[in-house]
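Q: Before I ask anything, let me first share the structure, which is written out below as structure tokens.
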Amino acid sequence: MKVPRILLAAGASGSGKTLITCGLLQALVNRGLKTASFKCGPDYIDPMFHSRVIGTKSRNLDTFFTDKGITRYLLCQNAADCEISVMEGVMGFYDGVAGTTTRASAYDLACVTDTPVILIVNSRGMSVSLAAYVKGFMEYRKDSHIEGVIFNQMSPMLYPRMKKLLEDELGVRVLGYVPKVEDCVIESRHLGLVLPDEIPELQANLQRLSEILEKTLDIDGIIQLSEDAPEIEPQEPILDFCVKKPLRIGVADDEAFCFFYEDNFRILEKMGAELIRFSPVRDQKLPCGLDGLLLYGGYPELNGRELENNTSMRENIKKALDAGMPCMAECGGFMYLHDEMEGMDGNIYHMAGVIPGKAYRTPRLNRFGYVTLTQKQMVLGSDMLGEIPAHEFHYFDSENCGKAFLAKKPESKREWECIHGTETMLAGFPHLYYYGNPKIPEAFLRACMTYNSRRGE
């Protein structure tokens with residue numbers, strides 16, 4: 001299958017990947033190209049920025065969660081009707097699992113998908129040393145896939161000389177530079193980045209950036225590089241479960257709950273789910289006729305007062321779950337199910353009251369990164385879920401994290417118990433990617449089927 005594609009990577013975090021990716025996406029859209037975008041790794045916010053530019057949902061590709069065949073399938077599926085696909089790398093190009101391997105790195109994704117890489121180099125304070133820096137990345141692995149370079153924060157005067165130096169000495173294509181752009185900065189927050197909606201004039205700023213990049217990047221060369229990418233053959237995963245009639249699954253979706261893997265929705269819909277969006281912040285009660293409930297992550301800690309004040313929704317959710325409605329909750333959604341939650345303002349707020357105890361703020365990241373989950377007890381009617389790849393990223397903790405699974409850090413001896421698991425519930429801090437283990441959505445929907453039949457609908 002022909003899939004024109006490139007991967008934008010960098011030597012380290014903070015090199016400008018997200019900003020340049022968004023600016024390039026905007027430039028491609030301005031040219032009338034139907035564009036797909038992907039983020040390497042377990043990231044929710046960068047795809048939101050991509051989506052804001054391209055007007056369609058961005059996707060994640062993560063080689064910790066999925067093997068080569070499924071990763072290629074997801075790429076091909078989500079890029080099938082597009083003229084170019086742009087992947088954004090994660091951290092430093094070779095930085096992978098445990099900080100000691102290349103597994104699940106941007107490099108790993110480039111290898112798995114056979115994608116040409118453009119290395120973004122923060123050139124501030126360097127000139128000839130840029131050649132040594134880029135050479136090191138190109139030669140650290142023989143199959144680096146690095147075929148192009150973009151200089152970030154480089155002066156127009158220096159660029160022609162550096163372009164000639166690298167192309168003459170390294171034989172790599174230099175595809176332009178990005179000058180320092182003061183008014184196009186994405187600021188950090190306690191969970192990585194601010195949300196797109198929180199940046200005033202984001203669209204105008206990205207449009208202005210794209211106009212700059214049209215002048216300073218070789219966009220024709222970038223497009224050509226993407227078209228030179230080898231063909232790949234997708235291998236569709238076998239999903240041998242599908243409900244006979246659609247199940248209505250409520251999905252919390254608002255400013256408090258906004259961290260989604262779009263491919264989780266895809267697999268649920270393939271299995272027969274009808275997804276019904278609602279807002280725990282603004283709606284007074286759950287949508288009618290639900291067979292199950294999904295509470296994903298987000299920023300409930302920034303919306304504690306609003307969530308508490310919506311008493312009818314909190315009571316409605318508790319009543320539904322007490323009556324046996326199946327529910328899966330992750331991170332922020334898990335926090336919302338507690339009796340109480342500490343907000344970012346330091347106040348304690350009443351939540352849904354399904355899980356005893358309090359979710360509280362801590363001064364640092366807790367249990368950060370990839371984990372492998374091993375089941376310890378029956379969950380969602382199954383004791384055969386197998387190993388589940390997952391990840392955690394949270395500054396909050398809980399007095400009652402659950403004990404249904406054992407989480408183990410890869411390349412480490414560190415492990416801990418986590419997740420509340422019952423016949424009808426799976427709730428905890430870990431984020432799940434359903435293509436990593438389709439038994440999870442299957443078990444959830446089977447529980448929803450049982451609940452539906454019990455209600456006689």
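Q: For the list (1) under 30 Å from Lys408 (Cβ atoms); (2) in contact with an Asp or Glu (Cβ under 9 Å, 6 or more places away or on another chain), I need the number of the one condition that Thr21 fails.
A: (1)
Q: Among the numbered conditions (1) on the phi > 0 side of the Ramachandran plot; (2) crowded, with 22+ Cβ neighbours inside 10 Å, tell me where Gly353 comes up short.
A: It fails just one condition, (2).
Q: So Leu275 fits all but one of (1) part of a loop (DSSP other than H, G, I, E, B); (2) under 22 Å from Thr424 (Cα atoms); (3) hydrophobic (A, V, I, L, M, F, W, C); (4) touching a helix residue (DSSP H, G or I) at 6+ places or on another chain (Cβ under 7 Å); what number is the exception?
A: (1)
Q: Can I ask one more? Just to verify a result, which residue in the range 211-267, among those that are within 30 Å of Glu301 (Cα to Cα) and of a type in the set (D, E, K, R), is surrounded by the most Cβ atoms within 10 Å (Cβ to Cβ)?
A: Ranking the candidates gives Asp263 first.
Q: Taking Gln284 as meeting all but one of (1) more than 20 Å from Leu432 (Cβ to Cβ); (2) in a helix (DSSP H, G or I); (3) polar (S, T, N, Q), write down the number of the exception.
A: Checking Gln284 against (1) more than 20 Å from Leu432 (Cβ to Cβ); (2) in a helix (DSSP H, G or I); (3) polar (S, T, N, Q), the one that fails is (2).
Q: List the number of the failed condition for Leu406; all other conditions in (1) more than 18 Å from Arg364 (Cβ to Cβ); (2) of a type in the set (A, V, I, L, M, F, W, C); (3) surrounded by 22 or more Cβ atoms within 10 Å (Cβ to Cβ) hold.
A: (3)
Q: Let me ask you something else. Pick out the one residue from Gly346, Gly332, Gly297, Gly289 that is touching a residue at least 60 places away in the same chain (Cβ under 8 Å), in contact with a strand residue (DSSP E or B) (Cβ under 9 Å, 6 or more places away or on another chain) and loosely packed, with under 14 Cβ neighbours inside 10 Å.
A: Residue meeting the stated conditions: Gly289.
Q: With the condition being in contact with a strand residue (DSSP E or B) (Cβ under 9 Å, 6 or more places away or on another chain), in contact (Cβ under 8 Å) with a residue 24 or more places away in the chain and not aromatic (Phe, Trp, Tyr), I'd like the strands (runs of 3 or more DSSP E) fully within the range 398-457 carrying at least 3 qualifying residues.
A: 405-408, 425-428
Q: Pull up the range 5-24, narrow it to residues that are in contact with a strand residue (DSSP E or B) (Cβ under 7 Å, 6 or more places away or on another chain) and of a type in the set (Gly, Ala, Ser), then point me to the one that is surrounded by the fewest Cβ atoms within 10 Å (Cβ to Cβ).
A: Among those residues, the one meeting the criterion is Gly11.
Q: So Tyr360 passes all but one of these: (1) out of contact with any Pro (no Cβ under 9 Å at 6 or more places or on another chain); (2) under 25 Å from Arg103 (Cα atoms); (3) at pLDDT 95 or above. Which condition number does it fail?
A: Tallying (1) out of contact with any Pro (no Cβ under 9 Å at 6 or more places or on another chain); (2) under 25 Å from Arg103 (Cα atoms); (3) at pLDDT 95 or above, Tyr360 fails exactly one: (2).
Q: Which one is farthest from the chain's Cα centre (by Cα), of the residues in the range 64-94 that are assigned to a loop (DSSP other than H, G, I, E, B) and buried (at least 20 other Cβ atoms within 10 Å of the Cβ)?
A: Ranking the qualifying residues of the range 64-94, first place goes to Phe93.
Q: Scan the range 52-71 residue by residue and report those that are more than 22 Å from Gly96 (Cβ to Cβ) and in contact (Cβ under 8 Å) with a residue 60 or more places away in the chain.
A: If the condition is that a residue be more than 22 Å from Gly96 (Cβ to Cβ) and in contact (Cβ under 8 Å) with a residue 60 or more places away in the chain, then Arg52, Val53, Lys57 are the ones that fit.
Q: Does Ala36 satisfy being in contact with a Cys (Cβ under 7 Å, 6 or more places away or on another chain) and either in the same structural domain as Cys111 (by TED's automatic domain parsing) or in a loop (DSSP other than H, G, I, E, B) (or both)?
A: So Ala36 passes the test.
Q: Another question about this same structure. Going by what's in this entry, would Ile276 be described as modelled with pLDDT of 95 or more, out of contact with any strand residue (DSSP E or B) (no Cβ under 6 Å at 6 or more places or on another chain) and on the phi < 0 side of the Ramachandran plot?
A: no
Q: Just need a number here: residues in the range 249-263 that are small (Gly, Ala, Ser) and either part of a helix (DSSP H, G or I) or free of Cβ contacts under 8 Å to residues at least 60 places away in the same chain (or both).
A: 1
Q: A further question follows. Out of everything in the range 381-397 that is touching a strand residue (DSSP E or B) at 6+ places or on another chain (Cβ under 6 Å) and part of a loop (DSSP other than H, G, I, E, B), what residue ends up being farthest from Gly99 (Cα to Cα)?
A: My answer is Leu385.
The values are calculated or read from the model by the stated rules, or taken from the named source; none is laboratory data. None of the values given here were measured: they were computed from a predicted structure. Using ideal geometry, Cβ is built from the backbone for each residue, glycine included, and neighbour counts are taken over all protein chains shown.
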